[in-house]
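Enquirer: If you scroll down you'll find the structure; I have some questions about it.
The values are calculated or read from the model by the stated rules, or taken from the named source; none is laboratory data. Small disclaimer: the values here were computed from a predicted structure and weren't measured. Cβ atoms come from the backbone with ideal geometry, glycine included; neighbour counts cover every protein chain shown. Calculation scope for accessible area: heavy atoms of the full protein, side chains included, ligands and nucleic acids excluded. Shrake-Rupley method; radii C 1.70, N 1.55, O 1.52, S 1.80 Å.
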Amino acid sequence: MFKRAALVGAIAIVFGTVGCGSLGGGTSSGPGDSESARAFLTHAEQVAKAASGEIPLTVPTSGPPAVKDKTIVTIPCSAAAQGCKFAVDQFAEAAHAIGWKTIMIDPAGDPAKMADAVNRAVSMKADGIFTVAIDSSTIQAPLKAANEAGIETICFSCIDEPELLVDELPAATQHERDGYALAAQAFIDSGANLKAILLQDSEFGNTIRRQQGVVKFIDECKAAGASCELVGQQNFLVQDISTSLPKQTVALLRKNPGWNALFAPYDAPLTFVLPELRSAGLVQDGQRAYGFDPIDLNVKWIRDGDVEAGTVASPYKWIAYAGVDQFNRVFAGEQPVDQGVKDKLVIKSNAPGEGETYLGDSDPAAAFTQLWGVS
């Protein structure tokens, strides 16, 4: 949620209302045969359909012309992380379109280097800072120094609980909704009989909220008399994804062979966990995996009908152009606006083609450059 407009009123970003309808990849029957259970299945179908359907591009109808000669420092979580690097590359493209310069500083996943990168941006007298997957609390002191120096910051995929940023894209409320929608899809895929395993990484604000969204869906499902159960959980740290986590997950699934949905708070762990599960013979028909922030391999698995059946992807290009627009408004002395950015539930029926990355359902470049008065 953008911060300055929050001073005059918060704007919630929610999924659009859709009609009822069943999705492919699951059935409309299950153990929950009560009226409330059937109503909950319809609700789940609506949620998943809204999240996986066409998401229209929203571009502000008015705004200031391009402010010239600005430099933005971009700071990915790590340039070695495909999603983080891709996000700053997309932002650099959008910044170039308005006529600005970008300088990337790679902290290589080290919080101390993240803080140093912000301090370097202040020393360089940058006009703005664009971070990717770095919560404000991780770099709180340097961000305060940047604010005092008149340098604005926007983040992609983070939580700004200290409220030090101009904007978070997407809004912080989106992450729980993403988890809820992914669980809805898993419920449908399971034939309305969800037996979930949750891999949990609570180091990051967005992953915490995604996990909360999954659990919220399960709790509401049970309250409605439908068939949902959280059968196992495994906590881990990002440093564990290629080392201890795969074997821990094998042990967990051996204790809970009836599982049918394995949730990861981001997709990278699945690239290590799923091969280990296959090797151990622990993946049977009807058992599926779900994640967030897909890299190319995850999308390929979904497209091919492999074990991973769904993920939630952010519209990288839309976020990049929306971020530049927010900076431009602040530089022009105006307030940020609600950019309306929404993530997308990616399943087999809408997965990007081979070699493609999800950027959004529409190309935002022409609309934003027209708004800025540049060609």
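Enquirer: Residues to consider are Ala115, Ala95; find the one that is under 20 Å from Asp325 (Cβ atoms) and not in a loop (DSSP other than H, G, I, E, B). Break it down stepwise before answering.
Expert: Working: Ala115 fails: under 20 Å from Asp325 (Cβ atoms).
One residue alone meets the criteria, Ala95.
Enquirer: Further, regarding this structure: Among the strands (runs of 3 or more DSSP E) confined wholly to the range 167-280, which include 1 or more residues that are modelled with pLDDT of 95 or more and surrounded by fewer than 23 Cβ atoms within 10 Å (Cβ to Cβ)?
Expert: Details: elements: 167-169, 193-200, 227-235, 261-263.
Output list reads 193-200, 227-235.
Enquirer: Turning to a different aspect of this structure: Does Ser157 satisfy the criteria of being crowded, with 24+ Cβ neighbours inside 10 Å and small (Gly, Ala, Ser)? So that I can check it myself, show each step before the final result.
Expert: Values: crowded, with 24+ Cβ neighbours inside 10 Å: yes; small (Gly, Ala, Ser): yes.
It is true that Ser157 is crowded, with 24+ Cβ neighbours inside 10 Å and small (Gly, Ala, Ser).
Enquirer: Ok, one more. Listed residues Asp116, Asp110, Asp106, Asp89; which is charged (D, E, K, R), farther than 30 Å from Ala183 by Cβ, modelled with pLDDT under 95 and open to solvent by 40 Å² or more (accessible area, probe 1.4 Å)?
Expert: Numbers: Asp116 fails: modelled with pLDDT under 95; Asp106 fails: modelled with pLDDT under 95; Asp89 fails: modelled with pLDDT under 95.
Asp110 is the lone residue from the list that is charged (D, E, K, R), farther than 30 Å from Ala183 by Cβ, modelled with pLDDT under 95 and open to solvent by 40 Å² or more (accessible area, probe 1.4 Å).
Enquirer: Could you go through the range 342-351 and let me know if any residue there is assigned to a helix (DSSP H, G or I) and among the basic types (Lys, Arg).
Expert: Step one: list which residues in the range 342-351 are assigned to a helix (DSSP H, G or I), which gives 348-350.
Remaining after also requiring among the basic types (Lys, Arg): 348.
Looking through the range 342-351, at least one residue is assigned to a helix (DSSP H, G or I) and among the basic types (Lys, Arg).
Enquirer: Return the residue satisfying two criteria in turn: it lies in the range 123-132 and is aliphatic (A, V, I, L, M) and either buried (at least 20 other Cβ atoms within 10 Å of the Cβ) or in contact with a His (Cβ under 7 Å, 6 or more places away or on another chain) (or both), and of such residues it is nearest to Cys158 (Cα to Cα). Reasoning before the result, please.
Expert: Going through the range 123-132, the residues aliphatic (A, V, I, L, M) turn out to be 124, 126, 129, 132.
Now narrow it down to the ones that are either buried (at least 20 other Cβ atoms within 10 Å of the Cβ) or in contact with a His (Cβ under 7 Å, 6 or more places away or on another chain) (or both): 126, 129, 132.
Numbers: Ala126: 21, Ile129: 14, Val132: 7 Å.
It comes out as Val132.
Enquirer: Okay, next question. Count, please, the residues in the range 54-85 that happen to be without any contact (Cβ under 8 Å) to a residue 60 or more places away in the chain, open to solvent by less than 40 Å² (accessible area, probe 1.4 Å) and either within 25 Å of Gln185 (Cα to Cα) or assigned to a loop (DSSP other than H, G, I, E, B) (or both). Give the derivation first.
Expert: We begin by selecting, within the range 54-85, every residue without any contact (Cβ under 8 Å) to a residue 60 or more places away in the chain; these are 61, 68-69, 71, 73-80, 84-85.
Those still in the list that are open to solvent by less than 40 Å² (accessible area, probe 1.4 Å) too: 71, 73-79, 84.
Next, from what is left, pick out any that are either within 25 Å of Gln185 (Cα to Cα) or assigned to a loop (DSSP other than H, G, I, E, B) (or both): 76-79.
Total meeting the criteria: 4.
Enquirer: What about Lys113, is it free of Cβ contacts under 8 Å to residues at least 60 places away in the same chain and within 17 Å of Val374 (Cα to Cα)? Explain how you work it out, then say what you get.
Expert: Values: free of Cβ contacts under 8 Å to residues at least 60 places away in the same chain: yes; within 17 Å of Val374 (Cα to Cα): no.
The answer is no for Lys113.
Enquirer: So, in the range 289-317, of the ones that are in a helix (DSSP H, G or I) and open to solvent by 10 Å² or more (accessible area, probe 1.4 Å), which residue ends up farthest from Pro64 (Cα to Cα)? Walk me through how you get there before you give the answer.
Expert: First, the residues of the range 289-317 that are in a helix (DSSP H, G or I): 296-303, 316-317.
If we keep only those that are open to solvent by 10 Å² or more (accessible area, probe 1.4 Å) as well, we get 296-297, 299-301, 303, 316-317.
Numbers: Asp296: 37, Leu297: 40, Val299: 38, Lys300: 41, Trp301: 43, Arg303: 41, Tyr316: 23, Lys317: 21 Å.
Residue satisfying both the conditions and the ranking: Trp301.
Enquirer: Can I ask one more? With the checklist (1) within 23 Å of Val214 (Cβ to Cβ); (2) within 15 Å of the chain's Cα centre (by Cα) in hand, flag the one item Ala261 doesn't pass.
Expert: (2)
Enquirer: Pull up the range 133-146, narrow it to residues that are open to solvent by 60 Å² or more (accessible area, probe 1.4 Å) and of a type outside the set (Gly, Ala, Ser), then point me to the one that is nearest to Pro336 (Cα to Cα). Let's see the steps before the verdict.
Expert: Applying the first criterion (open to solvent by 60 Å² or more (accessible area, probe 1.4 Å)) to the range 133-146 yields 137-138, 140-141, 144.
Still in the list and also of a type outside the set (Gly, Ala, Ser): 138, 140, 144.
Details: Thr138: 24, Gln140: 21, Lys144: 19 Å.
Looking at residues that are open to solvent by 60 Å² or more (accessible area, probe 1.4 Å) and of a type outside the set (Gly, Ala, Ser), I get Lys144.
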